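Chemist: Let me give you the structure first, and then I'll get to my questions.
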Amino acid sequence: MTTVIEAQGLGKRYRLGESGYVTLRERLGDVLRPEPAPPSEREVWALRNVDMAIEQGETVGIIGRNGAGKTTFLRTVARIVRPTTGLVRIRGRVGALLEVGTGFHPELTGRENVFLNGVVLGMTRKEVARRFDEIVEFAGVERFLETPLKRYSSGMYLRLAFAVAAHVDPDVLIVDEVLAVGDAEFQRRCLGRLSELGEEGRTVLFVSHDSGAVARLCTRAVWLEHGRVRDDGPVTEVVDRYLQTTVQAVTKAEVDPSPHGVIERLSLSVHVDGEAGETIRRDQPLIFELTFASRAPVRALDAAIYLIDRHGIRVVNENLSDVKPTISESGPARYRILLTITPILAPGEYVVGVWLGSSDELFFRGELLRLPIAPLPSDHTESVHGLVRPAVEWSVEQPVGEPGAAS
Amino acid sequence: MTEPPPWIENRAPEGPLSLLSLEELWRYRELGFVLAARDLKVRYKQTLLGAAWVVLQPVLAAAIFTIVFGRLAGLPSDGVPYAVFVFSGLVVWSFFSGTLTTVAQSLVQNRDLVTKTYFPSLVVPLALALPGLVDLGFSLVVLGVVMAVYGVVPGAALALLPVWALACLLVVLAAGLPLAALNVKYRDVRHTLGFLVQVLLFASPVVYASSLVEGGWRYVYALNPMVAVLDGFRWSTVGGPAPGLEAIVSLAVIVVGLIVGVIVFLRADRHFADLI
């Protein structure tokens, strides 16, 4: 085996207030009346002393909460940012997919953008030309090649962008949260293509909020917490431990997704028979209550609630738009959405996640609740469960025609 | 089993200077050309008048300057018809100011490239300086027409025209690279730049002949590298005196400015993705 990515004592410090630009005028003002904050308060270590070695052909998922350093790690591996301490080194051609459609220009045609994006991602024009037909076919935009990109629907835009990225042919592919945008079909295709690349023996480094996707795609997971490696090992074990400890709330969780985002005060709770129950048995219907407020108008807002079991399998994934129209509102508003699920879950522990977004924008995605489902008192405690346990009815009829059965 | 490819390292910056890897820059040349082509295509697709606009601007400015400075103020033009004289100056000046503005804005305008992909950042300002040459080409054609109308015939010095165009490009880079880097951190650089270019216009021999400055002052005057660029360009196209010894001062300023500019840019380079 050959090691293809290696980090030694890797650290990255950001100075607060240094990220983002200031105007020269403000800076001159600072010079005139300096009020330096104590250095410790103005510094954040996004990565701290990370050691890691990744072998050729491994598919590694990086998991962790927001701000744990996942994206910073990918960006240092991709050489976009310089480390503050230590080093990271990499062998072979690197394809970094940190965003779909980097370098795309709305005024240029689909064809022009494929070449542009391909070269931006590290291909030569010759290589793009060789794979052009494949890319176009994967994206399914043959008829719109000469149309300016600004006339594309957001779905077509995403498909084209991913198609280019998926055909870059790097030795090491680095993929950030790009799959969070786009519909389920798009995500399925992306994951399919990524696992193909993995099977071809390419090294894949993958970051996702969706621990289920990590579990399906990767063989190994690294759990980052506060910029340090907290856990590293086979994907099912790491994901399991991650879900155990990180999703703390059991039946009700409240979050404020981002300080300036569209959605605020999001809360998810689960009820049984109208109450927030303490133990939930597998024969009880579950009612999920999702409330949130929007700060701005929303268009075609869709919501999804999903349940992931301890093996990272997405047992339930329900979209509002499958049944009801999506939500459009011309101003700030509060929303309350209820989802009832008939008793179907097998006993065990589930993580409940929420997805909120429109066709071209993701507002929130995260796993919020840890939901233990208790067996029935009559269940054999050691029994083997199927993936689901729907409401079933057994009936036993006495064997017909047996003599002496009736007296 | 083939030998694995060599390690590419990303480590904490150590010394005060980052080394410029020309070899790496060369490897990313194709990206540069693609970015230059993108800029050019977009520019000509979005504007109604396309190339005409590039040409119209100096023509209109030349007409106004001819009336104000040529007729009313009677500024010297070294024996060349004033309209031809000022137009040739404006051809160079609009290339200079337009390209300088583009280069200074280049990193900020392409923030998604800088923050989402890896390549030597120097590629962006270098690439975006190129489309201006196409504009310059159009302007030169119009200059040829104007010269024909006034019966001005260029001499053998015409062969040196590319030298002056290149010199102008180097001045743009010497000033533009540090500005592009500064712009990442301080966004009001853009407003300041417009004002500075205006001031510099009158400190350069665009609307008047450099022969207005005499004696030892010419060497001080030539600290503005555009003096040699403009004098040289005029000498090669519409005629007038050849640049004198003071052009060496301009040349030295260009070389030193370019070295300092590249160093400033590379020093700021390591933080671009953190700041932008």
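The values are calculated or read from the model by the stated rules, or taken from the named source; none is laboratory data. Note that the coordinates shown come from a computational prediction; the quantities given were computed from them, not determined experimentally. Here Cβ is always computed from backbone atoms with ideal geometry, including for glycine, and neighbour counts include all displayed protein chains. Surface accessibility is based on the protein's heavy atoms, side chains included, excluding ligands, DNA and RNA. Shrake-Rupley method; radii C 1.70, N 1.55, O 1.52, S 1.80 Å.
Chemist: Would a scan of segment B:16-23 turn up a residue that is part of a helix (DSSP H, G or I) and modelled with pLDDT under 85?
Modeler: We begin by selecting, within segment B:16-23, every residue part of a helix (DSSP H, G or I); these are B:22-23.
Pick out the ones that are also modelled with pLDDT under 85 and you get B:22-23.
Taking every residue of segment B:16-23 in turn, at least one turns out to be part of a helix (DSSP H, G or I) and modelled with pLDDT under 85.
Chemist: Return yes when B:GLU214 is modelled with pLDDT of 85 or more, more than 16 Å from B:PHE96 (Cα to Cα) and not aliphatic (A, V, I, L, M) and no when it is not.
Modeler: no
Chemist: Find the strands (runs of 3 or more DSSP E) located wholly in segment A:267-343 whose residues include 2 or more that are charged (D, E, K, R), and list them. Outline the logic, then answer.
Modeler: Values: elements: A:286-294, A:298-308, A:314-319, A:327-329, A:333-341.
Filter on segment A:267-343 gives A:298-308, A:314-319, A:333-341.
Chemist: Quick one: how many residues across segment A:344-354 are modelled with pLDDT of 85 or more, among the small types (Gly, Ala, Ser) and either part of a loop (DSSP other than H, G, I, E, B) or open to solvent by 20 Å² or more (accessible area, probe 1.4 Å) (or both)?
Modeler: Adding up the residues that qualify gives 1.
Chemist: Let me ask something else about it. Which ones in segment B:233-251 are among the β-branched types (Val, Ile, Thr) and either open to solvent by 20 Å² or more (accessible area, probe 1.4 Å) or within 14 Å of another protein chain (Cβ to nearest Cβ) (or both)? Show your work before the answer.
Modeler: Residues of segment B:233-251 that are among the β-branched types (Val, Ile, Thr), as a first pass: B:237-238, B:248-249.
Result: B:ILE248, B:VAL249.
Chemist: Looking only at segment B:121-135, count every residue that is open to solvent by 20 Å² or more (accessible area, probe 1.4 Å) and part of a loop (DSSP other than H, G, I, E, B) and tell me the total.
Modeler: So in segment B:121-135, the residues open to solvent by 20 Å² or more (accessible area, probe 1.4 Å) come out as B:126, B:130, B:133-135.
Still in the list and also part of a loop (DSSP other than H, G, I, E, B): B:130.
Total satisfying the criteria: 1.
Chemist: For segment B:252-276, which residues satisfy the criterion of being surrounded by 19 or more Cβ atoms within 10 Å (Cβ to Cβ) and away from every other protein chain (no Cβ under 14 Å)?
Modeler: B:VAL253, B:ILE254, B:GLY261, B:PHE265, listed by residue number.
Chemist: Just to be sure before I move on: is A:SER153 among the polar types (S, T, N, Q), open to solvent by less than 10 Å² (accessible area, probe 1.4 Å) and either modelled with pLDDT under 85 or more than 24 Å from A:ASP51 (Cβ to Cβ) (or both) in the structure I sent?
Modeler: On the way: among the polar types (S, T, N, Q): yes; open to solvent by less than 10 Å² (accessible area, probe 1.4 Å): no; either modelled with pLDDT under 85 or more than 24 Å from A:ASP51 (Cβ to Cβ) (or both): yes.
No: the conditions fail for A:SER153.
Chemist: Can you spot a residue in segment A:17-30 that is modelled with pLDDT of 85 or more and within 12 Å of another protein chain (Cβ to nearest Cβ)? Walk me through it before giving the result.
Modeler: As a first pass, look at segment A:17-30 and keep what is modelled with pLDDT of 85 or more: none.
Checked segment A:17-30: no residue is modelled with pLDDT of 85 or more and within 12 Å of another protein chain (Cβ to nearest Cβ).
The rows are residues; the columns are (1) at pLDDT below 90; (2) within 20 Å of A:VAL207 (Cβ to Cβ); (3) within 25 Å of the chain's Cα centre (by Cα).
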{"position": "A:ASN66", "(1), (2), (3)": "yes, yes, yes"}
{"position": "A:PHE73", "(1), (2), (3)": "no, yes, yes"}
{"position": "A:ARG79", "(1), (2), (3)": "yes, yes, yes"}
{"position": "A:ALA96", "(1), (2), (3)": "yes, yes, yes"}
{"position": "A:PHE104", "(1), (2), (3)": "yes, no, yes"}
{"position": "A:VAL128", "(1), (2), (3)": "no, no, no"}
{"position": "A:ARG131", "(1), (2), (3)": "no, no, no"}
{"position": "A:VAL136", "(1), (2), (3)": "no, no, no"}
{"position": "A:GLU146", "(1), (2), (3)": "no, no, no"}
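Chemist: Out of all the residues in segment B:57-67, is one or more under 18 Å from the mean Cα position of the chain (by Cα) and over 30 Å from B:LEU25 (Cα atoms)?
Modeler: Here is the first cut: in segment B:57-67, the ones under 18 Å from the mean Cα position of the chain (by Cα) are B:57-58.
Keeping just the survivors that are over 30 Å from B:LEU25 (Cα atoms) gives B:57-58.
Among the residues of segment B:57-67, at least one is under 18 Å from the mean Cα position of the chain (by Cα) and over 30 Å from B:LEU25 (Cα atoms), which makes the answer yes.
Chemist: Condition test on A:GLY101, is it buried (at least 18 other Cβ atoms within 10 Å of the Cβ), touching a residue at least 40 places away in the same chain (Cβ under 8 Å) and more than 9 Å from chain B (Cβ to nearest Cβ)? Before the answer, list the steps.
Modeler: Working: buried (at least 18 other Cβ atoms within 10 Å of the Cβ): yes; touching a residue at least 40 places away in the same chain (Cβ under 8 Å): yes; more than 9 Å from chain B (Cβ to nearest Cβ): no.
So A:GLY101 does not fit the description; no.
Chemist: Okay, moving on. Would you mind stating whether A:GLU6 is modelled with pLDDT under 55 and either open to solvent by 30 Å² or more (accessible area, probe 1.4 Å) or in a loop (DSSP other than H, G, I, E, B) (or both)?
Modeler: Against the criterion (modelled with pLDDT under 55 and either open to solvent by 30 Å² or more (accessible area, probe 1.4 Å) or in a loop (DSSP other than H, G, I, E, B) (or both)), A:GLU6 does not qualify.
Okay, residues lined up against (1) touching a residue at least 24 places away in the same chain (Cβ under 8 Å); (2) under 30 Å from A:VAL238 (Cα atoms); (3) in contact with a His (Cβ under 9 Å, 6 or more places away or on another chain); (4) loosely packed, with under 15 Cβ neighbours inside 10 Å:
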residue: A:LEU268; (1), (2), (3), (4): yes, yes, no, no
residue: A:ALA296; (1), (2), (3), (4): yes, no, no, yes
residue: A:ALA304; (1), (2), (3), (4): yes, yes, no, no
residue: A:LEU307; (1), (2), (3), (4): yes, yes, no, no
residue: A:LEU320; (1), (2), (3), (4): no, no, no, no
residue: A:LYS324; (1), (2), (3), (4): no, no, no, yes
residue: A:SER328; (1), (2), (3), (4): yes, no, no, yes
residue: A:ILE341; (1), (2), (3), (4): yes, yes, no, no
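Chemist: Further, regarding this structure: Across segment A:293-344, what is the total count of residues that are among the aromatic types (Phe, Trp, Tyr) and under 29 Å from A:ALA215 (Cα atoms)?
Modeler: Just the residues of segment A:293-344 that are among the aromatic types (Phe, Trp, Tyr), to begin with: A:306, A:335.
Checking which are under 29 Å from A:ALA215 (Cα atoms) leaves us with A:306.
Summing the residues that are among the aromatic types (Phe, Trp, Tyr) and under 29 Å from A:ALA215 (Cα atoms) in segment A:293-344 gives 1.
Chemist: I want to confirm something. Restricting to segment A:68-86 and keeping residues that are more than 7 Å from chain B (Cβ to nearest Cβ) and among the hydrophobic types (A, V, I, L, M, F, W, C), which single residue is farthest from B:VAL114 (Cα to Cα)?
Modeler: So the residue we want is A:ALA68.
Chemist: For segment A:110-120: of the residues being within 21 Å of A:GLY155 (Cβ to Cβ) and open to solvent by less than 20 Å² (accessible area, probe 1.4 Å), which is nearest to the other protein chains (Cβ to nearest Cβ)? Spell out how you get there, then give the answer.
Modeler: Here is the first cut: in segment A:110-120, the residues within 21 Å of A:GLY155 (Cβ to Cβ) are A:110-114, A:116-118.
Okay, now just the ones that are also open to solvent by less than 20 Å² (accessible area, probe 1.4 Å), so A:110, A:113-114, A:116-118.
Numbers: A:GLY110: 14, A:ASN113: 9, A:VAL114: 11, A:LEU116: 6, A:ASN117: 10, A:GLY118: 9 Å.
This residue is A:LEU116.
Chemist: So which residues in segment B:90-117 are within 14 Å of chain A (Cβ to nearest Cβ), open to solvent by 10 Å² or more (accessible area, probe 1.4 Å) and of a type in the set (A, V, I, L, M, F, W, C), if there are any at all?
Modeler: Answer for segment B:90-117, where residues must be within 14 Å of chain A (Cβ to nearest Cβ), open to solvent by 10 Å² or more (accessible area, probe 1.4 Å) and of a type in the set (A, V, I, L, M, F, W, C): B:VAL108, B:VAL114.
Chemist: Scan segment A:157-164 and tell me whether some residue there is of a type in the set (Lys, Arg) and more than 28 Å from A:ILE80 (Cα to Cα). Give the steps one after another, and end with the answer.
Modeler: In the first step, residues of segment A:157-164 are kept if they are of a type in the set (Lys, Arg); the result is A:159.
Next, from what is left, pick out any that are more than 28 Å from A:ILE80 (Cα to Cα): none.
Taking every residue of segment A:157-164 in turn, none turns out to be of a type in the set (Lys, Arg) and more than 28 Å from A:ILE80 (Cα to Cα).
Chemist: Go through A:ARG193, A:ARG159 for me and flag whichever is crowded, with 21+ Cβ neighbours inside 10 Å and under 21 Å from the mean Cα position of the chain (by Cα).
Modeler: On the way: A:ARG193 fails: crowded, with 21+ Cβ neighbours inside 10 Å.
Among A:ARG193, A:ARG159, only A:ARG159 is crowded, with 21+ Cβ neighbours inside 10 Å and under 21 Å from the mean Cα position of the chain (by Cα).
Chemist: Go through (1) over 20 Å from B:ASN110 (Cβ atoms); (2) more than 7 Å from chain B (Cβ to nearest Cβ); (3) among the basic types (Lys, Arg) for A:ARG89 and report which single condition fails.
Modeler: Every listed condition holds for A:ARG89 apart from (2).
Chemist: Also: Hey, among B:ASP231, B:ASP274, B:ASP188, which residue is acidic (Asp, Glu) and touching a Leu at 6+ places or on another chain (Cβ under 8 Å)?
Modeler: B:ASP188
Chemist: Still on this structure, I have one more. Six or more apart or on different chains, Cβ atoms under 6 Å: show the pairs whose first residue is in segment B:255-266 and closer than 8 Å to B:ALA174 by Cα and whose second is assigned to a helix (DSSP H, G or I).
Modeler: The qualifying pairs are B:GLY257/B:ALA174; B:LEU258/B:LEU170; B:LEU258/B:ALA174; B:GLY261/B:ALA174; B:GLY261/B:LEU177; B:GLY261/B:PRO178.
Chemist: Right, something else. Given the conditions (1) β-branched (Val, Ile, Thr); (2) within 13 Å of another protein chain (Cβ to nearest Cβ); (3) farther than 26 Å from A:ARG75 by Cα, report the number of the one that A:VAL136 does not fulfil.
Modeler: (2)
Chemist: Conditions: (1) open to solvent by less than 10 Å² (accessible area, probe 1.4 Å); (2) in contact (Cβ under 8 Å) with a residue 24 or more places away in the chain. A:GLU55 meets all but one. Number of the miss?
Modeler: The failed condition is (1).
Chemist: Consider only pairs whose beta carbons are under 9 Å apart and that are at least six residues apart or on different chains; among these, list those whose first residue lies in segment B:157-170 and is farther than 16 Å from B:VAL253 by Cβ and whose second residue is of a type in the set (Val, Ile, Thr) and assigned to a helix (DSSP H, G or I).
Modeler: That search, which allows pairs on different chains as well, returns B:ALA165/B:VAL92; B:ALA165/B:VAL229.
Chemist: May I ask you to say which residue of B:LEU160, B:LEU179 is under 17 Å from B:PHE272 (Cβ atoms) and in a helix (DSSP H, G or I)? Steps first, answer last, please.
Modeler: On the way: B:LEU160 fails: under 17 Å from B:PHE272 (Cβ atoms).
Going through B:LEU160, B:LEU179 in turn, just one is under 17 Å from B:PHE272 (Cβ atoms) and in a helix (DSSP H, G or I): B:LEU179.
Chemist: Anything in segment A:82-133 that is more than 29 Å from A:GLU55 (Cα to Cα) and among the acidic types (Asp, Glu)? List them, or say none. Explain how you work it out, then say what you get.
Modeler: Initial filter on segment A:82-133 (more than 29 Å from A:GLU55 (Cα to Cα)): A:103-116, A:125-126, A:129-130, A:132-133.
Hits for segment A:82-133 are A:GLU107, A:GLU112, A:ASP133.
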